[in-house]
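A quick write-up on the structure given underneath.
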Amino acid sequence: MVGVDVDRRSIAVVSLRRRDGDFEVLALERAILDPSVAPDSEEFSRILSSVVSRACLQAANPEIWCTISSSQSDMRLVGVPKVPSSQRDNAVFWTARKELSFDEKTVIFDYEDRGEMVDKGAVKTAVFAHTIPRDAVARRKAAFERAGLPLTGMTLTAFADQNVFRSGCLPPPPGGAANLHVGDNWTRLEIYRDGDLVFTRGIKSALTALTGAIQEGLAESFPEAGPVFESPVVSPQAEASGGLTGSGEVVLDLDDNGSGVPEAEGPRLLTLDLSGSVPAPEPRAPFPDGREGEDEADADPQAAGSVNGVSEENARDVLMSLVEGNPGVAPDRPGHGLSVEEIVELADPALSRMARQVEMTLKHYRETLGNDPVGALYVSGPLAAAPAFLEYLEGHLGIPCEPFDPLGGSQIRRAGSGPDPDGMTLSGRCVYQQALGVALSRPRITQNLFVTYKERREARRVRLVNQAVLGVFCLLLLMLGGYSAFEAGRNRSRADDLSRLKTQMGAQGVLVDTALLNKTAEEAKKAQEAIRAFAAKNLGLGAIAELTALTPHDVKILSLTVDMGPPPRESAPKPAAGAGKSAQAAKPAAKYIKKIILDGIVEGDSQLFESILAGYLVNLQNSPLFGDSTVSKRDVETIGGVQALHFVVSLALAGQ
C-alpha cells in the first residue's frame, strides 16, 4: 500500500507492507514544493510522478491512496431512526441532509455505521456522516491522472489519522484521545474514541497566527516600523468577563451563554460554534495553486509582507527553530540567537489564544455533549516535534500532550534494507504522519471517497446474487455427489456379488460348455415330451380313476363313455417350392375336445336330488383333470320301484 500526502509545501509518500500483524516500511520519499507550483502544471505532475515512482520500486502492484484536506468537509455523528435494513440508506441520507444541509449534486456524501446511540431518550442508529465538494475530489484525482498514477482510493485527512488508531499503531488512552493538527492557516482538533472519529472542529489559529505574533514581536525592535498586528488592550473588567474591547480576538466560553460580552462587540478573528450544530460551509473559490485544505485556505493578509527586514519567512524560521533538529535562524537574520523561552514569549499571544480555543472545545465536548474527558492530546503537523510547544499546551490544558508519531510505533518496523524509522529523528518522522495514515488504508476500516454507500450497496447486491448462484451450484454439486456415491455403492455391491459367484463357480470346478448346455436342454425337452405323451395316452384311465374317487355313494354311474376323439393323423409333407396358393391357404383342422359322458342316477331323498347332483358336479369341476360340465338330461324317474334322479352329464377333460 502506498500513501501520498500533498500539501502546499511538500509531497510525502510512504510505502507499507503488512506482515505477521505488523507493518513493514518499504519506502519513505519526500519532495519539497514551491508554493507557486500549481497542481495542474507539468512541473507538479513531473514531481509527483517522480516521488511516487521512487516509493513504488519496492512494491509489486501497489495500491495508491491519497489524502484530501478535511477543511472543506462537513463531518458529524448523526442519530437515525431505526428502520429495516433495506430502508437504512434512504433514512440516513434524508436525516443527514436535514442536519448537514447539502446538495448531492455538488458534494459527495457518505457515512459509516457506529452502532447505536441514545438521542433524547430514543435509541437510534448512530452513523458518522461526511460531505466533501465533488470538484475538490475531481481536481485532486485529475492531478494524479496527469502524473500517470491511477488512484485506488482517496480519503479525508481526519480518516487517515483514524487509520492510525484503528490499526493499533498508537494505543488509545482511557477516555479517548484528541489530535491537534496545526497547519499553516487552520488548526484541526479531532477526538477519537475506541478508534473511531467522534468529534472534529476547525480552529482559526495556526502557524500563520504564531508567525504573525513573532513577526510583530521582532518588529518592535525597530521603532520606525509599525506593528504588523494591533495588539489588543485588555481591561481588567474585560479580562474577567472573558471578552476584549477594541480590536482583537474574543474567546467565548460557549457554556457561559455569552455573559460579559458586549452586544456591540463581536469576535474579530474567530467565532467558534460549538453548540453541536454546524452551519453549512460557505463555498470558496479555488486557490491560486489549486490545492485545497487547511494549509491553503483563508490566508491571513496581516501576516504577509516584511517590516523593517522582518519577513514572514524570517518569522517562520524563528518559529521552526523550536523543532528538534532544525538548524535555526541564519546569523545575519533577525531572531538569531533567541532562546526557546524568548521565542515562546514572542508567540505567547497567539499560543494562548490557541490553547484557550482548544480548552473551550474540550470543555464543550466533555460538559455540554456529556462525554468522558479525553486522556491525552496528540499534536501533528510541523510543531509536533517542538517540545516547547507541547509543554506549553500541556501546562495550559492539564492533560498529557505527545507528538503524533505513528511511524515510531511498535507495529511499524523496518523491511530488510528499507528505511529504518527508529534511526530517524522525531522531526524526520513527523513529516510522514498523514502519508503513513493514508498508507494504512483498507476498505474495511477506511472511508473511500471513490466508493460511497451507493457503490457498497450495489456491491452487496451483486455479492448476494453471487452467493445465491454459488449456493445453488453447491446444492446441485452435493446432489450429484450423493448420487455418485449411491451408484458407486451399488456398483461395489454388484462387484462383490459377481466376485462371490465367480468364487463359487471356481470352487465347483464346472466349466460352462455351450454344447453341453444345448445337449442337456435337448434331453430335458425330450423327457418333457415323453412325459406329455404318457400323460396324453393315459389321460382316460386317470380321468376314470379320478371320477371313481369323487363319486359319492348316493350317485350311481349307469354307464361311462370316454370320447378321446379321432386317432392322430400322420404329418403332411411340406408343400413343394412354387406350390399354388391353394396349398398355402389350407385351413388347419378344427381342435377336438376330449370328454367323458356320464349316465347315472341320484338315489335317496327326492328333495335332495338337485343339491346332491350340484355338489357332485362342483367336485368334478374342481378336479384338475376335468373342465367345464354340461348337463344334457336331468329327470326324476322310478327305477326298480324307487324314485331317482336320472342325469346325463358331459365333462370336458382338462389340459387340452
Net length gained if the chain between Thr630 and Arg9 were fully extended (0.36 nm per residue, minus Cα distance): 210.5 nm
Two-site label geometry, Ala330 and Leu560: point separation in nm, points 7 Å out along Cα→Cβ: 15.6
Protein accessible area in region 427-538, 1.4 Å probe - carbon and sulfur %: 64
Segments 209-220, 630-641 sorted - mean Cβ within 10 Å per residue, highest first: 209-220, 630-641
Calculated FRET efficiency for the pair Ile639/Tyr592, C-beta based, R₀ 30 Å, to 0.05: 0.35
Heavy atoms of Lys124 accessible to a 1.4 Å probe, total area in Å² rounded to 10: 50
Per-pair calculated FRET efficiency, R0 = 56 Å: Leu57 and Glu99 via Cβ, rounded to 0.05: 0.75
Computed Kirkwood radius, in angstrom, where 1/r is averaged over Cα pairs of region 414-520: 22.7
Order by protection proxy (mean Cβ within 10 Å, highest first), peptides 613-624, 521-532: 613-624, 521-532
Cα convex hull volume per residue for region 48-169 (Å³): 149
Computed lengthening from Lys526 to Thr514, 0.36 nm per intervening residue step minus Cα-Cα distance: 2.5 nm
Peptide ranges 15-22, 491-498 listed from the most packed, as the mean C-beta count within 10 angstrom indicates: 15-22, 491-498
R0 of 60 Å, Cβ-Cβ distance Ser352-Ala468: FRET efficiency to nearest 0.05: 0.40
Within region 89-127, GluC sites (Glu not before Pro) in DSSP loop having at most 15 other beta-carbon neighbours inside 10 Å: Glu104
Descending Cα extents along the principal axes, region 310-372, whole Å: 53, 22, 19
Approximate spin-label separation Ala536-Asp113, in nm, with each point projected 7 Å along Cα-to-Cβ: 9.4
Rotationally averaged projected area of region 304-441 (alpha carbon convex hull; nm²): 11.4
Neighbour net charge for Ala543 - beta-carbon separation under 10 angstrom, K R +1, D E -1: +1
Residue-count net charge about Leu197 - beta-carbon cut-off 15 Å; Lys, Arg +1, Asp, Glu -1: -2
For region 1-110, the Rg and Dmax computed from alpha carbons only, in angstrom: 19.5, 53
Violating pairs (Cα-Cα greater than 27 angstrom) within the set Lys82/Lys363; Lys537/Lys633; Lys98/Lys120; Lys519/Lys595; Lys98/Lys124; Lys363/Lys454: Lys82/Lys363; Lys537/Lys633; Lys519/Lys595; Lys363/Lys454
Neighbourhood net charge (12 Å Cβ-Cβ; Lys/Arg +1, Asp/Glu -1) for Phe23: +3
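The values are calculated or read from the model by the stated rules, or taken from the named source; none is laboratory data. If you're wondering where the values come from, they're calculated on a predicted model, not measured in any experiment. A quick note on method: Cβ atoms are made from the backbone with ideal geometry, for glycine too, and the neighbour counts reach across all protein chains shown. What goes into the accessible areas is simple: the full protein's heavy atoms, side chains included, and nothing from ligands, DNA or RNA. Shrake-Rupley method; radii C 1.70, N 1.55, O 1.52, S 1.80 Å.
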